[in-house]
1. Calculate how many DSSP beta bridges within the protein assembly as shown are antiparallel, expressed in % of all such bridges and rounded to the nearest 5.
2. Take residue A:129 and residue B:148, extend 7 Å from each Cα along the Cα→Cβ direction, and tell me the distance between the two endpoints in nm.
3. For helix A:55-87, what angle does its Cα long axis make with the longest principal axis of chain A, in degrees from 0 to 90 and rounded to 10?
4. Using a 10 Å cut-off on Cβ to Cβ distances, tally the other chain neighbours for every residue of B:138-147 and report the average as a whole number.
5. What FRET efficiency comes out for the pair residue A:29/residue B:232, r = Cβ-Cβ distance, R0 = 60 Å, nearest 0.05?
6. Can you tell me the orientation of helix B:133-145 relative to chain B, as the angle in degrees between its alpha-carbon axis and the longest Cα principal axis, to the nearest 10?
7. With both bridge residues required to lie in chain B, what share of the DSSP beta bridges run antiparallel, to the nearest 5%?
8. From the gyration tensor of the Cα coordinates in chain B, what semi-axes in whole Å does the equivalent ellipsoid have, largest first, with each one equal to sqrt(5λ)?
């Protein structure tokens, strides 16, 4: 059972960190906006070359960029919050306190989600103003896509923590790289049919490919098929269970091997 | 209050804590002594559940500490000279976070109270990362007391302190033990600190508990004049009787 006081304490820490280091807001607003502007201008240039037929491609690329950023922020919110406790040598203090692993992950997820919502809302506003992209016009399907991204971001975040617990500081790089490693398979910026057949098959095992295919379908005037939604949600649930189990196993193994104090000391 | 029964730990097939058993009564201040690698810190971490014991059990107030971890740990606390807190937060912010985590009601007032008790009020608005090691020890102590624990576990609390600061900390601990009936288990290399603070001593060597008794009886038991002599004799090349 999650205790509100524990979640409040853990969350409070993140708010204090941001209040003390406003430069971190660059990560939430500035860098994603720069990326959006660069891609926006590139795609507008390409659209000019191919004419009005490129309009849908243009919208889909920018939409994908914003949704991908949302996934990335959630994953980073979970993984980097944990790494910050490692770097601050605070991990032993946290787990010597009455904090369960579930409460700890929940606090990082809540904070990561809040960060992702702020970042995405800002990007949607910038995209609307600068490129006349109205992502919200997708309506209710957008909510389903976003929920799927939140859940998958949580799963990736938990896998990142599990890797650091299992392999120590050497796995820290993976916590940053995991989303990028998955990106080519996730059909974020291109449809599945342009991928080689074996890769497309692998992509269908990721809930992300259904999310981004769904988004492109909506931008092309179609709908997000209920079956795709079902498969995506089912895969997401499966990944959530598997990542929870892997984190739980890594945490127990770390307790057996004494890795938590070692991570704290190195 | 605390009952440790047959606690052992193996790392990669090597036994680092070997069937250690002892109990702590309410209000007792007990020193846990031993050379580096004796297994003292591992023992503390096992009590806290950060390291999983290979065998044995820990009971707190008659209840299994591992089974009721979340509930019982809110009545226990821990501090170490070797842990830190987020360095870009102020002392007050860090303590407030831990007060909330431990479920302290009127957390802000508790933080101010503790800062005063530990003589650290002047550090409240300083960033934790800017503190000297002596100042950090005071702040760590405040964190350890944030829930006014019934049992306080301390790992080398005076390791980075000069003699004057060390004396202040040991007086404070003694005062807390007598005024609040707080039970304390302290690992230390500082023999004078242990002699001045503790009622009883647990002596560990190569993972085993080789002595559990009052400080006053150590001289007779090991034919030494004081703890320091015992340490040198037992762990500095000589053998304990």
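Each value in this text was obtained by applying a stated rule to the coordinates, not by laboratory testing. A quick note: this is a predicted structure, and the numbers were derived from the prediction, not measured. We place every Cβ from the backbone using ideal geometry, glycine too, and count neighbours over all the protein chains shown.
1. Among the beta bridges of the protein assembly as shown, antiparallel pairing accounts for roughly 55 percent.
2. 5.2
3. Approximately 10 degrees, to the nearest ten.
4. Details: counts 0, 0, 1, 0, 0, 2, 2, 0, 1, 2.
Per residue, the average neighbour count from other chains is 1.
5. Efficiency for this residue pair is about 0.45.
6. Tilt relative to chain B: about 90 degrees.
7. Of the beta bridges lying entirely in chain B, close to 55 percent run antiparallel.
8. 29, 21, 16
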